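Worksheet: one structure, shown below.
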Amino acid sequence: MSEPTNPFTPVTGKKPTCMEMLQFILDGQATPEQKEYFRSHMDHCMPCFKSYHLDMAIKELVQTKCCGGEAPTELVRTIKSQIAQNIS
Amino acid sequence: MEDVVRQHYTDKEKREIFDHEFLPHINSMYNFGYRLTLDRDDAKDLVQDTYFKAFRFIESFQRGTNAKAWLFRILKNSFINDYRKKIKEPNKVDYQEVESYYNSEDVDRQITPDLRVDALKDMIGDEISNALNALDVDFRTVIILCDLEGFKYEEMAKILDIPIGTVRSRLHRARQLLKEKLSEYAKSMGYKNT
Ligand SMILES: [Zn+2]
């Protein structure tokens, strides 16, 4: 089986490193082809496999624990009335 | 700098834009304000001020374009101009260094802090939020913009007025620092990180 072509565009013009690929995935910038490529890359790259799962777990934790919930209702009210006053 | 094409809106249109394109982002804006100032009252002031500015400058906003990125940029600028001066936080981070390290070969050989996914499962309280808040404000910011708000590199570059390469290096360093903080927590919770 031949290696599929790497869909990651290297920033430097060199072959993209594991770290560059992983960051692209983590940062949510990867295309479906890049994600697919990285998935099969992880099958034979243990460091990527480990880092990916840890980094994604942290990212998910940030998403669930740091989203802050809703803005205070009184803030929304203040903003709305401030704008109402500025429109005659 | 992009050319600002001034739009002409009637009061009714202004109202529509404000209600349907600006206000729906209020929760994200409030969280961003809080993560920048780390103070609920300051966050309220900052968000209120941002919406007021957004309304005043509404004619430089083009309907149907990325309102969220536009609002985030105003908030970030207000923070820098009005708040950051007040907080006499010495700038400890050498961003030039962050970037040159990122572009060096060493970055691939860096030591990943020992931390296991298992240890994260027990961080059900404020650990992660505290760890994030403990990062320098510029690192905190990129994590929020990327992980919570899902902005693309290009959008982040515009919001923060920095090149895309800097966005990438800053995000990379921010993730690394966050991991280090969490690894310290894990150790204090008695996890042996091997
Ligand atoms: Zn790899």
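The values are calculated or read from the model by the stated rules, or taken from the named source; none is laboratory data. What you see is a predicted model; the values in this text were computed from it and never measured. Cβ: placed from backbone, ideal geometry, glycine included. Neighbour counts: every protein chain shown. In case anyone asks, the SASA skips ligands and DNA or RNA and just uses the protein heavy atoms, side chains included. Shrake-Rupley method; radii C 1.70, N 1.55, O 1.52, S 1.80 Å.
Could you name every one of the helices (runs of 4 or more DSSP H) located completely within segment B:1-80 that has at least 3 residues being among the charged types (D, E, K, R) and open to solvent by 10 Å² or more (accessible area, probe 1.4 Å)?
In segment B:1-80, B:11-17, B:40-56, B:67-78 are the helices (runs of 4 or more DSSP H) which contain 3 or more residues that are among the charged types (D, E, K, R) and open to solvent by 10 Å² or more (accessible area, probe 1.4 Å).
Looking at this structure, is A:F38 more than 7 Å from chain B (Cβ to nearest Cβ), in a helix (DSSP H, G or I) and open to solvent by 30 Å² or more (accessible area, probe 1.4 Å)?
no
Looking at A:M21, A:M46, which one is within 16 Å of the ligand (Cβ to nearest atom), of a type in the set (A, V, I, L, M) and open to solvent by 40 Å² or more (accessible area, probe 1.4 Å)?
Answer to the check: A:M46.
Residue-wise test of (1) without any contact (Cβ under 8 Å) to a residue 40 or more places away in the chain; (2) farther than 18 Å from B:A67 by Cβ.
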position: B:L23; (1), (2): yes, no
position: B:M29; (1), (2): no, no
position: B:F32; (1), (2): no, no
position: B:T37; (1), (2): no, yes
position: B:R40; (1), (2): yes, yes
position: B:V47; (1), (2): yes, no
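Suppose we filter segment B:146-173 for residues that are surrounded by fewer than 23 Cβ atoms within 10 Å (Cβ to Cβ), more than 8 Å from every other protein chain (Cβ to nearest Cβ) and part of a loop (DSSP other than H, G, I, E, B); how many remain?
4
Have a look at A:F49, A:F8 and point out the one that is at pLDDT below 90, aromatic (F, W, Y) and over 13 Å from the mean Cα position of the chain (by Cα).
Among A:F49, A:F8, only A:F8 is at pLDDT below 90, aromatic (F, W, Y) and over 13 Å from the mean Cα position of the chain (by Cα).
Any chance you could count how many residues in segment A:49-87 are surrounded by fewer than 16 Cβ atoms within 10 Å (Cβ to Cβ) and within 16 Å of the ligand (Cβ to nearest atom)?
The qualifying residues number 4.
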